[in-house]
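Participant: Following this message is one structure expressed as structure tokens.
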């Protein structure tokens, strides 16, 4: 990853959502605020606490995560689209 | 549960509300902000305090809980619908 | 009580307000934000402080309390209606 | 006083404002946000600080105080009207 | 002064603003949020800090101060009009 | 300077902006939220921290500073116009 | 750099965005809230913590950074346009 996120930010690559298909008809996803999935590509060093101590992040590179549909900021790096969000916007880690 | 919630979040499976029936007529639930019940399916490790110490959650897997109708974010995992919310959105634990 | 409130929440059973009667005519209560009375049915263990220490609540089961009209969330437990609110929404304890 | 206020709340009995009279005509008070006077009837034990220590209130029972017109919540106790407000809503103590 | 302000509040007596006169025509002051001047008549004991320690105020009785036009609450004490504001609403002390 | 700013406030004398001139035509400045320059005329003693310790300001009298166009409050002292703002509204110090 | 940013502010020189060209047609960038790139030209000494200790910034002069499109305030220094923003508005550091 060419970007090193600052503080408590993480870079996530959005996974394409498998669209629901019923009888061959693709149903577009128009639901709002739907959580989404992605792969963590880079994590920041952590947020600095009140006492100057850095608090490391919980997620790590490679984690498959769940986040709200409108979380984060879209960034384009080398023609790939990523999301940069704060770790607190991540709802959970998807285990396989 | 395939999802490990982060920090102070918990995953809850909503219990179907028994609809009130009067003389055979099902009365749909249209009341707003009505609390609801669910079963805790997974809990986060706890929120990190100002001093870097993790504060564990009070609820645990299997707890039957009461929460506000619009608390949390709906997520779909393996065709099942769950809610991810912060522990602070849970009003109480239902004892049997 | 079947519900154990979390953190600094308390469960209150609303006392029916004695409606003012003048010459046999019942005057309905339409005033807004009028405080109300209730009996505390269950209290949470207390809110966790910044240093991880639990701060116990002041009110206890059986206390007759005064609270604002729109404080708390209505919950229905075994066909009884209760209010779940944070202790800070309670204005005072009524002594007999 | 039948009510024991919680935390940093105080119960105040509003003093009737002497209406200004000019040439026998009573001028009703319609000014907004005008501070008012009252007598403190009961005080809470104090607010709990971050370190779990209770911080006592400054005002005490019997103090004549000045407060903003819309401060506090009106409560009716035994047919008397009182105000319950946080100590921080009190502007000052009136000395005689 | 008959009023003892609480905490970090101060009582200020507004100085009449000398209206600008050009060629004998009085130009009324209609500008908004214009700072104003006053004399401090009484000061509170100070705000209580998080650790329970009182932090004394910087201004003292007799100080000529500058404050924003809409700072504070107007109070009438013995037919004199004063302003009660928090010390933080005072912009500076005017030296002679 | 006749005014001693309180806490973390500073008094700044706005520098006249050199208007851009193209071919002899003066282009008026109508851009909004444009930062501006000024000279610090007086600084407050510093803001009191949570632990009662005063935290001194970084800017000092005579500093040429950059600030947002709508920062601060305009004050008129002895027919001169100044700005009183909190140090945090100052974007940077201009070195010569 | 002629400006020394205060506290946790940084000065960034915006990099011109390479516009996407398809078949010779330049597609103007009208997307909103798109992150942008820039070079850090100067950094503040750090924000003062609650305990009076300065917390140094993570970015340093020369860093190529990514930030939100509407982050910061535009300033013009010696006919060059810069952005002054808080470090927290910087999303990440671009590595080469």
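Any read-out appearing in this document is the output of simple, stated calculations on the displayed coordinates, not a laboratory observation. Treat the numbers as computed from the prediction; the structure is a model and nothing was measured. Please note: Cβ atoms are built from the backbone with ideal geometry, for glycine as well, and neighbour counts cover all protein chains shown.
Participant: At residue D:79 and residue D:15, where each label point lies 7 Å from the Cα along Cα→Cβ, what is the point-to-point distance in nanometres?
Facilitator: Each label point is offset 7 Å from its Cα along the Cβ direction, giving 2.5 nm.
Participant: In nm, to one decimal, how far is the residue C:61 label point from the residue F:37 one, both placed 7 Å along Cα→Cβ?
Facilitator: 7.3 nm
Participant: Provide Rg over Rh for the stretch A:56-96; use the alpha carbon set for both Rg and the Kirkwood Rh (inverse mean inverse pair distance).
Facilitator: Reported Rg/Rh (Cα atoms, Kirkwood Rh): 0.97.
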